[in-house]
Amino acid sequence: MKYWQYLVRRLGGGAVSLLGLSIIIFAVSRVLPGNPARMALGAMASEEQVRELSREMGLTKPLWAQYVDYMQGLLTGELGRSLETKRAVSTDILQYLPATLELITVAMLFTIVFGIPLGVIAAQNKDGTVDNITRMIAFVSVSVPGFFIGVMFQLIFGYLLEWLPITGRIASRFTVQRETGFLLVDTLLAGNLAAHGNVWIHLLLPGLALSMAGMGQVMRITRSSMIDVQDQDYVEAERGFGLPSWLVTYKYTLKNAFIPTLTILGLLYASLLGNAFLIEVVFSWPGLALYGVTAVMNNDFNAVVGVTMTIGVAFVSINFLIDVLLGRVDPRIRLQVEEAT
């Protein structure tokens, strides 16, 4: 089997996964307690008003017909109206998604900038003091819940030291025209460097809190891969040729040890969409995750379906992108796939 055929099969498997997810979400949304129409209209609405809204929402149709309408909406991007915002769910997702993508992208940046170098340093000092310290940091960052770390950051850096803001995306004194929804980009487009810096300041605490668990995993994977590779004969030969240690470490050893790290980075980026829920609640971050939490609390099943399917599509897409990148980065993976079939 050619590698492109393997990728097509992987893409088909992702489509099947999304179909299964859609069935599960539909079933769960229909067994949630409470009448969505009643919740949307409030306790003072008459039964006639509730019945009329139920008909408009398609809740009076047989279950199979509701599922057909539901799938048609998913395929066309028509996800219905939110009971909370009274707007199309697709419109809400387009409004809130950029804030979440900006947050998780910055969190991934922190994961890469800190996780990979610390993993390399730990491998170079295997079983030494530095290695033990980095392993302890990795263990704590993976074990402690992200929302707890976020609250601690707020108490220390926001309340006690008063160094950093603890809520929002930008200070109220700045007015930025939102072209893309990504404030880091919009402030640069507007040429407002002060506002751009303020956006970074607001991103520091939630971004770091969200990145801690992934940072610990990347540190551990990088350390383990580096230790495996640096004991190989060709690495010893490169050292024997008199090459500088930094060149051997970062050009030859890290390059060959990076495949497992690249895999975990892709999976982490996709999982951050789900992990951002509690972080956005803690920091009052106006993103898709906070929108989803509000939807769950208000039994807004159209919004719940929209948010869940958005996260599912992102996860499948990123996994497929990882397969493509791995085949490009390491030709051995393509050969293994072709030889195995």
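All of the numbers you see were taken from the coordinates with simple rules; none came from a lab. Nothing here was measured: the structure is a model prediction, and the numbers come from that model. Every residue, glycine as well, gets a Cβ built from its backbone with ideal geometry; the counts of neighbours run over all protein chains shown.
For this structure, a couple of remarks:
- Per-residue Karplus couplings for segment 164-172, computed as 6.51 cos²θ - 1.76 cosθ + 1.60 with θ equal to phi - 60°, are listed in order as 10, x, 10, 9, x, 9, 7, 5, 5 Hz, Gly and Pro entered as x.
- In order along segment 111-118, the phi-based Karplus estimate (6.51 cos²θ - 1.76 cosθ + 1.60, θ = phi - 60°) of 3J(HN,Hα) comes to 4, 6, 5, 9, x, 5, x, 5 Hz; Gly and Pro are listed as x.
- Overall form of segment 45-106 per C-alpha gyration tensor (a/c, 1.5; a/b vs b/c): oblate
- Residue-wise HN-Hα couplings along segment 131-137, as the Karplus relation 6.51 cos²θ - 1.76 cosθ + 1.60 with θ = phi - 60° gives them from phi, are 4, 5, 5, 5, 5, 5, 4 Hz; Gly and Pro carry x.
- Taken along its three principal axes, the alpha carbon spread of segment 52-148 comes to 70, 26, 26 Å, from the longest extent down to the shortest.
- LEU321-SER224 FRET efficiency (beta carbon distance; Förster radius 22 Å; 0.05 resolution): 0.40
- Neighbour counts of other Cβ atoms within 10 Å put THR111, THR175 in the fewest-to-most order THR175, THR111.
- Amide hydrogen proximity for ARG81: with H placed 1.01 Å from N in the peptide plane, the residues at 5 or more positions away or on another chain lying under 5 Å are VAL89.
- Coordinate range along principal axes, alpha carbons of segment 92-307, Å, largest first: 62, 40, 36
- Whole-Å distance, taken between Cα centres, linking segment 267-282 and segment 108-181: 14 Å
- Of the trypsin sites (Lys or Arg not before Pro) in segment 68-121, those whose Cβ has at most 11 other Cβ within 10 Å and which sit in DSSP loop: LYS86
- Within the shell of other residues whose beta carbon sits under 11 angstrom from the beta carbon of ARG178, the net charge comes to -1, with Lys and Arg scored +1 and Asp and Glu -1.
- Within-14-Å neighbourhood charge of GLY115 [Cβ basis; K, R +1; D, E -1]: +3
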